[in-house]
Amino acid sequence: MTLRETIKEAESKKIAIGHFNISTLDQLWSIYRAAKSLNVPVIIGVSEGERDFVGVRQAVLLVKSIRDEFSYPIFINADHTYSFERVKEAIDAGFDSVIFDGAKLPMEENIAVTKKCVEYAKQVSKNEERDILIEAELGYIGSSSKILDKIPEGAAVSEANLTTVAEAVRFVSETGIDLFSPAIGSIHGALKSDHDPDLNIQRLMDIRKEVHVPMVLHGGSGLTDENFTKGIDAGLSVVHINTEIRAAWRDALKKSLLESDPNEVAPYKILAGSSKATEEVVKRRLQLFSKL
């Protein structure tokens, strides 16, 4: 099945597909093992910074090698891409989907660039017999996947600043995107001292009723389980998690370096704890998203 077909199936089951970002090979294997243990599809994300670290084409080849060898529904998404040039780069490299993030741009400019991305993806899909999905965002929710002391400045968390139904309908209609991520209360990153703001479920339901493409949630780390459950019931089909697994990976690494065996120098042994911690977090999230 293609990613489009996989998301459509999730919609029909009223569950969501987990999207998890990676920077290292051990994270990729951890996410795959977690998904495989539950027999659910999964999406691997790499942002611009993560792609620059891992390698644009290398990231694609790593994920597709697992998909081909094990015949498993694991897909790769070019997360948070901020220009047409880098969207084109990701499409040409073989990504299954690409997110153009124009959330900080004026509405007209966001529409114009997003539409250009959609048109290019359609052209390549036709020429190469691929099915490339384009996602776009409307409404700024921050831009850093890290532990935060406070809500990012300018992030749309109050009801007055969330994506409206009218804005969503216009944006999706004029751009022709395949996946849509509106601002419904979540933020990128996770607050240090408390859980993140609650999702505005009513706004999500109102948008989903009028916008007939799958809905994506960014900024999942830091939300309560209840937020995820209600959001998925209200129409979310893909949920992004990054900060949460980064924190688990880092904390396990610190323990390995400072406590478990400070004299160890073999990277694969040092990273064993981080790999296990990542797998545990991903498995818990996938169980919740898949209602298992």
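The values are calculated or read from the model by the stated rules, or taken from the named source; none is laboratory data. Computed from a prediction, not measured in an experiment: that's the story for all the values here. Counting neighbours? That spans all protein chains shown, and the Cβs are built from the backbone with ideal geometry, glycine included.
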> Do we find a residue being surrounded by fewer than 23 Cβ atoms within 10 Å (Cβ to Cβ), in contact (Cβ under 8 Å) with a residue 24 or more places away in the chain and under 21 Å from the mean Cα position of the chain (by Cα) anywhere in the range 119-127?
Replying inline: no
> Consider residue 223 against the criteria (1) out of contact with any strand residue (DSSP E or B) (no Cβ under 8 Å at 6 or more places or on another chain); (2) hydrophobic (A, V, I, L, M, F, W, C); (3) assigned to a helix (DSSP H, G or I): it satisfies all of them except one. Which criterion is unmet?
Replying inline: (3)
>> From the list 18, 45, exactly one residue is in a strand (DSSP E or B), over 19 Å from residue 134 (Cβ atoms) and not aromatic (Phe, Trp, Tyr). Which is it?
In response: 18
>> I'd like to verify a number: residues in the range 249-292 that are over 23 Å from the mean Cα position of the chain (by Cα) and not in a helix (DSSP H, G or I), how many?
In response: 7
> When the residues of the range 165-209 are filtered to those that are over 16 Å from residue 233 (Cα atoms) and charged (D, E, K, R), which remaining residue is modelled with the lowest pLDDT?
Replying inline: 192
>> Can you confirm whether residue 35 is in a helix (DSSP H, G or I), among the small types (Gly, Ala, Ser), over 18 Å from residue 181 (Cβ atoms) and in contact with a strand residue (DSSP E or B) (Cβ under 6 Å, 6 or more places away or on another chain)?
In response: yes
> Going through the range 52-95 one residue at a time, which ones are part of a helix (DSSP H, G or I) and under 14 Å from the mean Cα position of the chain (by Cα)?
Replying inline: none
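Working only within the range 70-83, note down all residues that are over 18 Å from residue 27 (Cβ atoms), without any contact (Cβ under 8 Å) to a residue 40 or more places away in the chain and buried (at least 18 other Cβ atoms within 10 Å of the Cβ).
Going through the range 70-83, the residues over 18 Å from residue 27 (Cβ atoms) turn out to be 71, 73, 81-83.
If we keep only those that are without any contact (Cβ under 8 Å) to a residue 40 or more places away in the chain as well, we get 71, 81-83.
Matches in the range 70-83: 81, 82.
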>> Which pairs turn up if I take residues in the range 270-292 that are touching a residue at least 40 places away in the same chain (Cβ under 8 Å) and look for partners that are hydroxyl-bearing (Ser, Thr, Tyr) with beta carbon separation below 6 Å, at least 6 apart in sequence or on another chain?
In response: 275/30; 278/30; 279/30
>> Take the residues in the range 95-114 that are surrounded by fewer than 18 Cβ atoms within 10 Å (Cβ to Cβ) and not hydrophobic (A, V, I, L, M, F, W, C); name whichever of them is modelled with the lowest pLDDT.
In response: 104
> Looking at the range 1-22, which of its residues are without any contact (Cβ under 8 Å) to a residue 40 or more places away in the chain and under 17 Å from residue 76 (Cβ atoms)?
Replying inline: 5, 22
> So which residues in the range 205-220 are assigned to a helix (DSSP H, G or I) and surrounded by fewer than 24 Cβ atoms within 10 Å (Cβ to Cβ), if there are any at all?
Replying inline: 205, 206, 208, 209, 210
>> Against the condition more than 25 Å from residue 129 (Cα to Cα) and hydrophobic (A, V, I, L, M, F, W, C), how does residue 10 come out, does it pass?
In response: no
> Looking at this structure, is residue 237 assigned to a loop (DSSP other than H, G, I, E, B) and either at pLDDT 95 or above or of a type in the set (Gly, Ala, Ser) (or both)?
Replying inline: no
> Could you say whether any residue in the range 257-277 is small (Gly, Ala, Ser), at pLDDT below 95 and either buried (at least 19 other Cβ atoms within 10 Å of the Cβ) or within 30 Å of residue 114 (Cα to Cα) (or both)?
Replying inline: no
